[in-house]
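The values are calculated or read from the model by the stated rules, or taken from the named source; none is laboratory data. Here the structure is a predicted model, which means the values were calculated and not measured. Glycine gets a Cβ as well: all are built from the backbone with ideal geometry, and neighbour counts include every protein chain shown.
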Amino acid sequence: MGRVYNFSAGPAVLPEEVLKEAADEMLDYKGCGMSVMEMSHRSKVFDDIIKEAEQDLRDLMNIPDNYKVLFLQGGASQQFSAIPMNLMKNGVADYIVTGQWAKKAYQEASRYGKAVKIASSEDKTFSYIPDCSDLPIDEDADYVYICENNTIYGTKYKKLPNTKGKTLVADVSSCFLSEPHDVEKYGVIYGGVQKNVGPAGVVIVIIREDLIRDDVMEGTPTMLKYKTQADKDSLYNTPPCYGIYICGKVFKWLKKQGGLQAMKEYNEKKAKILYDFLDESEMFKGTVVKEDRSLMNVPFVTGDKELDAKFVAEAEANGFVNLKGHRTVGGMRASIYNAMPIEGVEKLVEFMKKFEAENK
Ligand code: PLP
């Protein structure tokens, strides 16, 4: 079997070019006689890799100089604790709960201080983004937290919330580098890279310098203090070296594609093919309100569990894999991250049309 069309929500498809290049360099990275997996994180070779990766990310996202870029471990989930531990100075933070990941972050923050749920879309199974133009922001809130793209439910903020001057913190795990981000609008942007950026094991945190403090919550582990990591340029301890190296290659690939604006246009074109079909199909239906549709994660259902299962099985047999919806939602979900080629979506839609005709 050759390569399949992989619609996994993460870890997910990576650009073939990146994988091939990494394979070519596997035994001997640029003439140093070893793999990046085998070299010291204190070596000059690795230092060049991490510095170049950071610079390429800064170029892609236009990251201002007063923001630090940290390459960390522990996944996005560890940030659910690191954020309140580092940022809750007044002990209060506002959370907008638009899905399981925002809910988990909110629940975790509640362990460290007063986390306030200021808006939620749980009443309608997280199928929309609440109106965020005039939220009851707490006067003492240290930050307002969002999950910008909801991987499981397939919604995305098209406009950032009005935080009334408070620091915005965003989990962008599933929309990272899928379009331009205006970094200055955030205090912290972070994401696990295993969807759009690289292999599992790296989380990237972009944080404004004034939020990096020494006087964090008592008991904060050294490793979870942003200051520890920032002072040592992500090399306080052994970083996820190989993962950072692959992320660096993906950053170069993105530059070659024309950067994030070009990526956005490509992603819009791709998503439109699938959404247009869902809007006209009698069998398959999208599950979220149109205005809040994600460009990255597209959930859909037939309304009949048996038919859903039949579709997933037949799709897999035809080389379209990982289309089963999240266990909490059911149905199907096609994750169409940056590295999913447009042909993948076109062929999936062709297959869906054929399935619909055969199963009327
Ligand atoms: N946040 C979002 C938006 C996610 O989609 C996920 C995982 O899918 C997570 C957080 C959790 O990431 P991790 O498994 O890296 O902790």
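Quick look at the values:
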{"item": "Among (1) within 16 Å of the ligand (Cβ to nearest atom); (2) more than 30 Å from K114 (Cα to Cα); (3) not β-branched (V, I, T), the one test that Q79 misses", "result": "(2)"}
{"item": "I96 being under 20 Å from the mean Cα position of the chain (by Cα) and within 15 Å of V216 (Cβ to Cβ)", "result": "no"}
{"item": "Residue list for region 103-137, restricted to those being in contact (Cβ under 8 Å) with a residue 12 or more places away in the chain, part of a loop (DSSP other than H, G, I, E, B) and of a type in the set (S, T, N, Q)", "result": "S121, T125, S127, S133"}
{"item": "Residues being within 18 Å of C175 (Cβ to Cβ), in contact with a helix residue (DSSP H, G or I) (Cβ under 7 Å, 6 or more places away or on another chain) and assigned to a loop (DSSP other than H, G, I, E, B) - total across region 286-318", "result": "1"}
{"item": "Failed item in (1) buried (at least 24 other Cβ atoms within 10 Å of the Cβ); (2) at pLDDT 95 or above, with N237 passing the rest", "result": "(1)"}
{"item": "Matching entry among D308, D279, D292, D231 (being closer than 30 Å to D59 by Cα, surrounded by fewer than 21 Cβ atoms within 10 Å (Cβ to Cβ) and touching a strand residue (DSSP E or B) at 6+ places or on another chain (Cβ under 8 Å))", "result": "D292"}
{"item": "Which numbered condition D214 misses (of (1) more than 24 Å from the chain's Cα centre (by Cα); (2) closer than 24 Å to G154 by Cα; (3) among the charged types (D, E, K, R))", "result": "(2)"}
{"item": "Test: residue in region 62-74 that is within 14 Å of the ligand (Cβ to nearest atom), more than 23 Å from D210 (Cβ to Cβ) and either without any contact (Cβ under 8 Å) to a residue 24 or more places away in the chain or not charged (D, E, K, R) (or both)", "result": "yes"}
{"item": "Contacts under 9 angstrom Cβ, first residue in region 320-332 being among the basic types (K, R), partner in a loop (DSSP other than H, G, I, E, B) and surrounded by 17 or more Cβ atoms within 10 Å (Cβ to Cβ), 6 or more apart", "result": "K324/G331"}
{"item": "Pair list, Cβ under 6 Å, 6 or more apart: region 152-164 residue under 18 Å from D134 (Cα atoms), other residue not small (G, A, S)", "result": "Y157/I129; Y157/E148; L160/K185; P161/C132; T163/V144; K164/I137"}
{"item": "Filter result for D214 (on the phi > 0 side of the Ramachandran plot, surrounded by fewer than 20 Cβ atoms within 10 Å (Cβ to Cβ) and part of a loop (DSSP other than H, G, I, E, B))", "result": "no"}
{"item": "Of the criteria (1) buried (at least 24 other Cβ atoms within 10 Å of the Cβ); (2) near the ligand (Cβ under 10 Å from one of its atoms), which one I152 fails", "result": "(1)"}
{"item": "Whichever residue in region 176-186 is more than 12 Å from the chain's Cα centre (by Cα) and surrounded by fewer than 22 Cβ atoms within 10 Å (Cβ to Cβ) and, among such residues, is farthest from the ligand (Cβ to nearest atom)", "result": "E184"}
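Matching residues to (1) within 12 Å of the ligand (Cβ to nearest atom); (2) surrounded by fewer than 23 Cβ atoms within 10 Å (Cβ to Cβ):
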{"position": "K158", "(1), (2)": "no, yes"}
{"position": "P161", "(1), (2)": "no, no"}
{"position": "L168", "(1), (2)": "no, yes"}
{"position": "S174", "(1), (2)": "yes, no"}
{"position": "N196", "(1), (2)": "yes, no"}
{"position": "P199", "(1), (2)": "yes, yes"}
{"position": "I204", "(1), (2)": "yes, no"}
{"position": "R208", "(1), (2)": "no, yes"}
{"position": "P221", "(1), (2)": "no, yes"}
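Per-residue answers, yes or no, for (1) within 13 Å of L72 (Cα to Cα); (2) part of a helix (DSSP H, G or I):
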residue: Y153; (1), (2): no, no
residue: G191; (1), (2): yes, no
residue: N196; (1), (2): no, no
residue: G201; (1), (2): yes, no
residue: I207; (1), (2): yes, no
residue: D210; (1), (2): no, yes
residue: P239; (1), (2): yes, no
residue: I244; (1), (2): yes, yes
residue: F251; (1), (2): no, yes
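One line per residue, one yes/no per condition, for (1) within 30 Å of K255 (Cβ to Cβ); (2) at pLDDT 95 or above:
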position: K310; (1), (2): no, yes
position: E314; (1), (2): no, yes
position: A317; (1), (2): no, yes
position: F320; (1), (2): yes, yes
position: K324; (1), (2): no, yes
position: R327; (1), (2): no, no
position: G331; (1), (2): no, yes
position: N338; (1), (2): yes, yes
position: K354; (1), (2): no, yes
